[in-house]
Each structure stands twice: as structure tokens, then as C-alpha cells.
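K.L.:
Handing you a structure now.
Every number here is computed from the coordinates shown, using simple stated rules; none is lab data. This one's a predicted model, so the numbers in the text were calculated from it and none came from an experiment. FYI the Cβ positions are ideal-geometry reconstructions off the backbone, even for glycines, and counts take in every protein chain you see.
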Amino acid sequence: MKPRNPWPAAYARLVLALLALVLIGWGTGQWLLVAVLAAAAALVWDFINLRRLEHWLRLTRKLDPPQSLGLWGEVFDGLHRMRMRTRERDKQRRSLVRNYRDSIKAMPDATVVLRADYRIDWCNQAARDLLGLQWPRDEGQRISNIFRHPEFVSFLAHYSRETRVLSLPSPVDGRLWLEVRLVPYAKRRHLLLARDTTTLRRLETMRSDFVANVSHELRTPLTVVYGVAETLQDEIGDHPELARSVHLLREQAERMKNLVDDLLLLSRLETGDAPRTGEWVDVPAMLGGVVEEARLLSGQRQHQFDLAVSQGLLLLGNERELRSAFANLVFNAVHYTPEGGQIQLRWFADAAGGHFQVRDTGIGIEAPHIERLTERFYRVDNGRSKSRGGTGLGLAIVKHVLMRHGAQLQIDSEPGKGSTFTCSFPPKILRQPLATRKPVRA
């Protein structure tokens with residue numbers, strides 16, 4: 001309800017008071033004395049009400065305002081209404097915060113509210129169970145002083161406005177595996193979420209072990225089948241009607257062998273730890289060999305290869321894994337680029353780090369498929385992909401190799417105009433002053 005306007009009544013009272021003063025002054029003839037006494041009375045009245053107001057605001061806890069008349073009474077009532085509204089809003093905010101904390105307390109995931117300097121503001125019971133925090137003892141402590149895992153400390157040291165995720169063992173029980181997520185909000189404040197992923201990790205390990213074991217067991221019989229097919233192919237010169245069948249047997253045995261090799265490599269990449277130390281890989285020399293293999297793969301399709309590299313730009317990592325990732329990208333370009341098409345390879349560095357880029361003039365990829373390309377066995381077109389002999393694991397291998405080297409894969413493509421695959425590596429694993437070398441075409 002909107003408060004009434006007090007000013008009309010105040011003006012009316014003022015007019016009546018002035019008329020009364022005029023009558024008293026006219027009747028007594030003491031105009032100056034009447035005016036002074038009226039002004040003094042008004043000042044005393046205002047002083048008394050100001051004292052009441054200050055005393056009410058400063059000392060008393062009562063909600064009811066002092067009693068007064070006129071405009072002062074309206075002021076007291078207005079302040080009283082404002083105080084009541086403020087108390088109601090504060091009550092609602094406290095209720096909201098209480099409900100928010102109660103809901104977070106009931107969550108099975110650890111939740112920690114962190115300040116800008118990663119000091120603890122609040123945590124729930126799950127944070128005490130999974131992260132070993134003590135509440136309220138640890139309030140105001142830097143979380144890195146309590147949770148001292150080196151990877152976690154390094155994780156906090158690299159500030160970002162993006163949500164980041166890290167997997168590591170629990171400080172309370174090393175058998176528990178946690179997925180820690182750091183979510184920024186407000187002004188450099190953070191929400192730390194930790195989820196117990198022990199069961200999921202165990203199932204993932206079991207799946208990877210199963211794939212690895214089955215793949216390993218398949219290698220021996222496949223080798224035998226492939227060897228027998230080669231022998232038969234050499235001995236059926238007088239039986240051309242069998243040649244096609246033996247050729248098909250050898251082709252499918254080789255495809256199965258490639259699939260098993262990729263499964264074993266992918267399993268090792270998924271379950272193995274990222275390389276903590278590596279060797280300085282001569283990427284330009286490696287790419288020269290990859291291009292020669294790609295030319296052999298191209299054969300009569302006569303693709304045009306353009307290789308531009310920054311000589312002497314080295315990369316710290318696992319040479320075997322990096323070669324597998326780069327070769328997969330180049331061979332994919334060969335498979336999906338029409339006869340006579342162009343395939344450009346670049347290895348260069350800038351302020352953001354090192355970049356390996358493969359650009360082709362192939363068939364391209366529609367936008368809805370790009371995000372899923374690195375999933376194992378995902379195919380944009382099953383029939384078309386199988387006809388090119390791929391295993392469906394190449395880009396999954398590329399993704400995991402890059403993850404193990406702290407790198408990222410970016411895919412840009414447009415149907416009918418080709419695709420560009422860019423692997424970006426952080427500057428810390430490069431060796432060469434960025435401004436001293438220029439790309440050399442090979």
C-alpha cells in the first residue's frame with residue numbers, strides 16, 4: 001500500500017500557525033517577541049525530535065518508532081516501514097542462504113567455497129570426508145596448505161576464468177579417486193567440487209584391460225592367418241579363380257591386425273600415466289618421413305603435398321606417440337581427399353606455443369559431427385569410412401596423445417571445401433627462440 005502524502009496537511013498546519021502568530025502579534029503589539037518565541041519553539045521541537053530519532057537509531061533495539069506529531073511523525077513512520085522492509089529482506093536472504101547450505105550439505109559431492117586467494121569460506125560434510133577438511137577449524141586457511149598434492153597445487157597456480165577439471169587420489173584415502181572441478185564465479189571467487197569416481201575409474205580400467213587382453217590374444221592367430229594368406233597367394237598362380245578369395249582374406253587379416261594394434265595403443269594411452277619426462281623430438285625430420293609414407297599411401301591418386309616447417313623447432317615428448325598422432329592426421333587427409341587434391345602440412349610456433357596443422361581439400365565434415373570425431377569408432381558415414389579401410393580409432397588416438405602432452409586439437413571443416421586439423425602445444429615443451437627461425441618448405 002502506497003503511503004499517503006503528508007505535505008498537504010503540513011502546509012495547512014503551517015498556514016494556521018502563521019495566522020495564529022499574526023493574530024497574537026496584532027493583539028499584543030509585540031511582533032518581534034512573538035516571532036522569536038515561535039522560532040525558538042520550532043527549534044526546540046525539532047531538536048527534541050532529532051534527539052529521539054538519533055537515540056532510536058543508535059541505542060534502542062525496539063522496532064516501534066518514537067511517537068511524534070506532524071512531519072516528524074511521518075518521518076518516524078517512514079523509517080519504521082523501511083526498517084521493517086529491510087528486516088524482512090534480511091530474513092528472506094538468511095532463509096535462502098540457510099536453504100542453500102542445507103541443500104549443499106546433503107550433496108554427496110564435496111563442495112568448498114573459496115575466496116580469490118583460495119582461502120576457505122565454507123565447506124560441506126562431504127568435503128570433510130573426501131578432502132580431509134575440518135570445519136570451522138580450517139576457515140580462512142588456504143586449501144593448498146591442507147590438500148598438498150603437487151598436481152593440485154599446480155592446478156590452482158594457473159588461474160583461469162574457465163571451469164577446469166583434475167583427477168587425483170583423495171588425501172584421506174589413497175584408494176579413492178576424485179574428480180576435482182574448479183568453477184570460477186563472482187569476483188575471482190571459486191567453487192571447488194570433488195566427486196568420488198573410484199568405481200567409474202575401476203570400471204574404465206577393467207574395460208581397458210579387457211580390450212587390451214583380448215587384442216593381445218588376437219595378435220597371434222591374426223599373424224598366423226595373415227602368414228597363411230601370404231603363402232597361399234604365392235602358390236595359387238595356376239588357380240586364378242582362387243586369387244580373389246585369398247586376396248580378400250589377406251586384406252581383411254591386415255585390416256584386423258591394424259585394428260588390434262590401434263586398440264592396444266589406445267588402451268595404453270588411456271590407462272598409462274602422462275609422460276613426466278620425454279625426449280626432444282625433431283618434429284621437422286619426423287614430418288619428412290610421414291610425408292614420404294603418405295605419398296606411398298596416396299599412390300596413383302597423386303595427391304599434392306606441401307610441407308612447411310620451422311627448422312630446429314623441437315618438441316619435448318614421446319616420439320613414438322607423437323609420430324602416431326601426426327601420421328593419423330596426415331593419413332586421414334589422404335583417405336578423405338579426392339584424387340589430385342592438395343594436402344598442406346605446417347609446423348610452426350607463435351606466442352601461444354607450437355602448432356602442427358594439416359589442411360586438405362577433401363570432402364569436409366558437417367558441423368554436427370565435429371564434436372564427436374574423436375570418439376572411438378565414431379564414423380560420419382559408415383559405408384564411406386569402411387571403404388577407405390580406417391579403424392575408427394585414429395582421431396581417438398590423436399586426442400589422447402595430445403592430452404598426454406598438454407596439447408589441444410582444433411577441427412575446422414566445411415562440407416565440400418576441406419578440413420583443417422590443428423594440434424596446439426604449450427610453449428613450455430618447445431625448444432627454440434620463437435623469432436629466430438622461419439618456416440622452410442620441403
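K.L.:
Calculate, axis by axis, the spread of Cα positions in region 1-156 along the three principal axes, and write the results as whole Å, longest axis first.
P.N.:
The Cα atoms of region 1-156 stretch 94, 31, 25 Å along their principal axes.
K.L.:
State to the nearest 20 debye the size of the charge dipole of the chain about its Cα centre, where the only charges are +1 on K and R beta carbons and -1 on D and E beta carbons. Walk me through the numbers on the way to the answer.
P.N.:
Details: 63 positive and 49 negative charges, 625 e Å.
Dipole of the chain, to the nearest 20 debye: 3000 debye.
K.L.:
Ok, one more. Can you bin region 82-221 into rounded, prolate or oblate? Criterion: square roots of the alpha carbon gyration tensor eigenvalues sorted a ≥ b ≥ c, rounded for a/c under 1.5, prolate for a/b above b/c, oblate for the rest. Walk me through the numbers before you get to the answer.
P.N.:
Numbers: a/c = 2.73, a/b = 2.30, b/c = 1.19.
Verdict is prolate for region 82-221.
K.L.:
Can you give me the Cα centroid spacing of region 168-212 and region 307-348 in angstrom?
P.N.:
Value for the Cα centre distance between the two parts: 34 Å.
K.L.:
I've got another one for you. Just tell me which aspartates and glutamates come within less than 12 Å, Cα to Cα, of Lys417; anything on the same chain fewer than 8 places away is out.
P.N.:
Partners within reach: Asp360, Glu366.
K.L.:
Now, a different point. Based on the Cβ-Cβ distance of Tyr378 and Gln302, what FRET efficiency does E = 1/(1 + (r/R0)^6) give at R0 = 41 Å, to the nearest 0.05?
P.N.:
Plugging the Cβ-Cβ distance into 1/(1 + (r/R0)^6) gives 0.85.
K.L.:
Moving on to the next point. Any chance you could give the angle, 0 to 90 degrees and rounded to 10, that helix 240-271 forms with the longest Cα principal axis of the chain?
P.N.:
Value to nearest ten degrees: 40.
K.L.:
Go through region 334-346 residue by residue and turn each phi into a ³J(HN,Hα) via Karplus (6.51, -1.76, 1.60, θ = phi - 60°); whole Hz please, and just put x for glycine and proline.
P.N.:
5, 4, 10, 10, x, 4, x, x, 9, 10, 9, 10, 9
K.L.:
Another question about this same structure. Could you tell me whether region 261-362 comes out rounded, prolate or oblate from its Cα gyration tensor? Rule is a ≥ b ≥ c as square roots of the eigenvalues, rounded for a/c under 1.5, then prolate if a/b exceeds b/c, otherwise oblate.
P.N.:
Values: a/c = 2.25, a/b = 1.35, b/c = 1.66.
Because a/c hits 1.5 or more and a/b fails to exceed b/c, region 261-362 counts as oblate.
K.L.:
How far, in nm, would the chain grow between Ala42 and Val97 when pulled straight, counting 0.36 nm per residue and subtracting the alpha carbon separation? Present the calculation step by step, with values, prior to reporting the outcome.
P.N.:
Values: separation 55, 0.36 × 55 = 19.80 nm, distance 4.78 nm.
Result: 15.0 nm gained on full extension.
K.L.:
Now a separate question. Take the Cα pairs of region 180-263, get the Kirkwood Rh, then feed it into Stokes-Einstein at 4 °C and 1.567 mPa s and tell me D in µm²/s.
P.N.:
Values: Rh = 16.9 Å.
Here the translational diffusion coefficient equals 77 µm²/s.
K.L.:
So who's got an amide H within less than 5 Å of the one on Leu133, skipping anything under 5 residues away but keeping other chains? H placed 1.01 Å off N, in plane.
P.N.:
Amide H neighbours of Leu133, under 5 Å, 5+ apart: Arg128.
K.L.:
I would also like to ask the following. Towards the positive end of the charge dipole of the chain, with charges on Cβ (+1 Lys, Arg; -1 Asp, Glu), say which of Met403, Val113, Thr28 has the farthest Cα.
P.N.:
Positive-end residue among those listed: Thr28.
K.L.:
Sort region 203-318 into rounded, prolate or oblate with this rule: let a ≥ b ≥ c be the square roots of the eigenvalues of the Cα gyration tensor; rounded if a/c is under 1.5, and if a/c is not under 1.5, prolate when a/b is larger than b/c, oblate otherwise.
P.N.:
The shape class here is oblate.
K.L.:
Moving to a separate point now. Hey, can you rank 408-416, 23-31 by average C-beta count inside 10 Å, highest first? Could the numbers behind the result be given before it?
P.N.:
On the way: 408-416: 13.8, 23-31: 11.6.
By packing density, highest mean first, the sequence is 408-416, 23-31.
K.L.:
For the chain, find the longest principal axis of its Cα atoms and tell me its angle to the long axis of helix 70-105, 0 to 90°, nearest 10.
P.N.:
With both axes taken from Cα atoms, the answer is about 30 degrees.
K.L.:
Going by average Cβ neighbours within 10 Å, how do the peptides 87-98, 368-379 rank, with the highest at the top?
P.N.:
Numbers: 87-98: 10.1, 368-379: 14.2.
For the peptides 87-98, 368-379, the packing ranking is 368-379, 87-98.
K.L.:
Using helices alone, what [θ] at 222 nm do you get for the chain, with -39,500 (n - 2.57) per DSSP H run of 4 or more residues, divided over all residues and rounded to the nearest 500?
P.N.:
Values: 13 runs with 229 residues, N = 442.
So the calculated ellipticity at 222 nm is -17500 deg cm²/dmol.
K.L.:
Tell me which aspartates and glutamates have Cα within less than 14 Å of Lys105's Cα, excluding those fewer than 8 residues away on the same chain?
P.N.:
Filter leaves Asp129.
K.L.:
Run a plain Debye calculation on the chain (Cα atoms as equal point scatterers, no solvent) and give log10 I(q)/I(0) at q = 0.08, 0.09 Å⁻¹, rounded to two decimals, same order as the q list.
P.N.:
So the normalised log intensities work out to -0.70, -0.80.
K.L.:
Still on this structure, I have one more. Amide H of Trp122: which non-local residues (sequence gap of 5 or more, or other chain) have their own amide H closer than 5 Å, using H built in the peptide plane?
P.N.:
Amide H neighbours of Trp122, under 5 Å, 5+ apart: Val113.
K.L.:
Determine ³J(HN,Hα), in whole Hz, for all residues of region 22-28 in sequence, where each value follows from phi through the Karplus function 6.51 cos²θ - 1.76 cosθ + 1.60 and θ = phi - 60°; x replaces Gly and Pro.
P.N.:
Values per residue, Gly and Pro as x: 4, 5, 5, x, 5, x, 8 Hz.
K.L.:
Now, a different point. Provide, as a two-decimal number, the C-alpha radius of gyration of region 108-163 over 2.2 N^0.38 Å, N being how many residues it has. Before the final figure, lay out each step's value.
P.N.:
Working: Rg = 11.0 Å, N = 56, 2.2 N^0.38 = 10.2 Å.
Cα-based Rg divided by the globular estimate yields 1.09.
K.L.:
On C-alpha positions alone, give me the angle between the axis of helix 394-404 and the longest principal axis of the chain, in degrees, nearest 10.
P.N.:
Orientation of helix 394-404: about 60 degrees from the principal axis.
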